[in-house]
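What follows is a set of notes on a single structure, which appears directly below.
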Amino acid sequence: MRTATLGLALAAILIFAGCSGGGGGSSSTPASTGGTGGSSSTNPSGNGTTQTQSENSIATTNSLGSSAKSLTDYNNAVSPQADARTTLAVQNGVCQPFTQGGSYEFFTPDKNNDPNSTEQQYFYDNSCAQLARDETRTWTSTSSSSETLTHTMKIFALGNATPSAIRTDTVALLNATFDQYGFPNPALGFSRSDTGSLNIAGSNTINSGFEVVMLPISGGTESFCGDAAGYNATGIQSLNETFGWQGAVAQTGTRTVNSDGSVTWNVTHSGSTAKGPIGTLSLAVGTQNTACPITKPMYTLTGGTSLGSYNIPTVATYKNGMLLGLTITNATLANGYALNVTTSTTLSPTSNLFISGTITNGSTQIATFNVNAFGDGTLTITSSGAQYVLTDWHVVK
């Protein structure tokens, strides 16, 4: 199903030359106020203190998360009739297993029978018994080519019937042609913005925003641009700091429908990360863009101290709304760090070892992380063994 739903000096923001222009936005450069806190023991490898390694690894992982979360958001924004999910319309309420493991169900209207609604549930098992995600969306038409919608995603840990986190988003769609489910047709182009928050244990933990401008298909190619930003509102208590990110498509990305019905998104996401004392970062929301390239991102980060810039070439493949492959090769990150990400061909997408990443500084491994297709898992600092929790593609504690 679709997910209603990828602080820097201005010069760094403008490195994404491939997308820009339809609308202004608010953009602020991070102030020179940083946090300290946490352990500052020296790592004998010569790659900085344990504190520094943790900071840079969290920033790196959030950079990846911004790109991956954006693409998932983009992918699940479009009409099911425009990609591999055409079967959803004729299999309403039928449990559908994934070949690699896991399963899903689609409902229209949602299970509450709300008007103008859809619901998609993803499961850890093949028989739609162990719920992993429950996503509902309701939309309101504001004109023949625009609508607003509310998206709610409940996140469930394996074997737990009570959601461990809930994400809510408010979405605006412009210049779109809609199907009967309120989804825009990507081949005809549209503009979409999404502002939301992730609530964990009753606490507003992640605030973030994404926007995408999908250009009308040309020569068989669907191209897009977009931007994203966000931060951890509760911070990482063990470090006494909080972290944020902002970035955009460095060059116009492409969306390709493959012969097997899967959809591949290919893009380079560029931007910056920042840190600061808990409570000092915020999300600035400007004007929604309607054309590429983007000169003023709709979403930017304010506050904190810049940790540096990143450039992440990303290839992501989805089928029936599930991420089935994520590849990142030699991404360049702040402080000379590098990132490589691979996807298992033997594990289920719902396994927390499905996607693996390695963060290095030269020849030295700094950290590793493992997540499932939903972006839930663990980041581990190599030198100290310190671990941090990822939920919905971002480090939350």
Among the residues listed as Ile278, Ile294, the single one being of a type in the set (Val, Ile, Thr), under 25 Å from Asn185 (Cα atoms) and buried (at least 17 other Cβ atoms within 10 Å of the Cβ): Ile294
Give the residues of the range 159-182 that are of a type in the set (A, V, I, L, M) and within 20 Å of Ser146 (Cα to Cα), sorted by residue number. Val171, Ala172, Leu173, Leu174, Ala176
Could you tell me which residue of the range 73-99 is modelled with the highest pLDDT, considering only residues that are in contact with a strand residue (DSSP E or B) (Cβ under 7 Å, 6 or more places away or on another chain) and closer than 22 Å to Val371 by Cβ? Pro97
Cβ-Cβ below 6 Å, separation at least six or inter-chain, first residue in the range 137-157 and more than 18 Å from Thr177 (Cβ to Cβ), second in a strand (DSSP E or B) and of a type in the set (D, E, K, R): which pairs? His151/Arg137; His151/Asp169; Met153/Glu135; Met153/Arg167; Lys154/Asp134
Where in the range 217-295 are there strands (runs of 3 or more DSSP E), lying fully within it, with 3 or more residues that are within 18 Å of the chain's Cα centre (by Cα), hydrophobic (A, V, I, L, M, F, W, C) and under 22 Å from Asp73 (Cα atoms)? 222-232, 242-249, 263-276, 282-285
Any pair with Cβ under 7 angstrom, 6 or more apart, that starts in the range 54-74 at a residue that is surrounded by 24 or more Cβ atoms within 10 Å (Cβ to Cβ) and ends at one that is part of a helix (DSSP H, G or I): Asn56/Ala334; Asn56/Asn335; Ala59/Ala334
Restricting attention to the range 140-171, and to residues there that are out of contact with any strand residue (DSSP E or B) (no Cβ under 6 Å at 6 or more places or on another chain) and among the hydrophobic types (A, V, I, L, M, F, W, C), which single residue is nearest to Ser117 (Cα to Cα)? Ala161
In the range 339-349, which residues are in contact with a strand residue (DSSP E or B) (Cβ under 9 Å, 6 or more places away or on another chain) and either under 22 Å from Ala367 (Cα atoms) or not polar (S, T, N, Q) (or both)? Leu339, Asn340, Val341, Thr342, Thr343, Ser344, Pro349
crowded, with 20+ Cβ neighbours inside 10 Å, among the aromatic types (Phe, Trp, Tyr), modelled with pLDDT of 85 or more and under 18 Å from the mean Cα position of the chain (by Cα): does that describe Tyr122? yes
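The values are calculated or read from the model by the stated rules, or taken from the named source; none is laboratory data. Since we're looking at a predicted model, the values are computed, not measured. Note: ideal-geometry Cβ built from the backbone for every residue, glycine included; neighbour counts use all protein chains shown.
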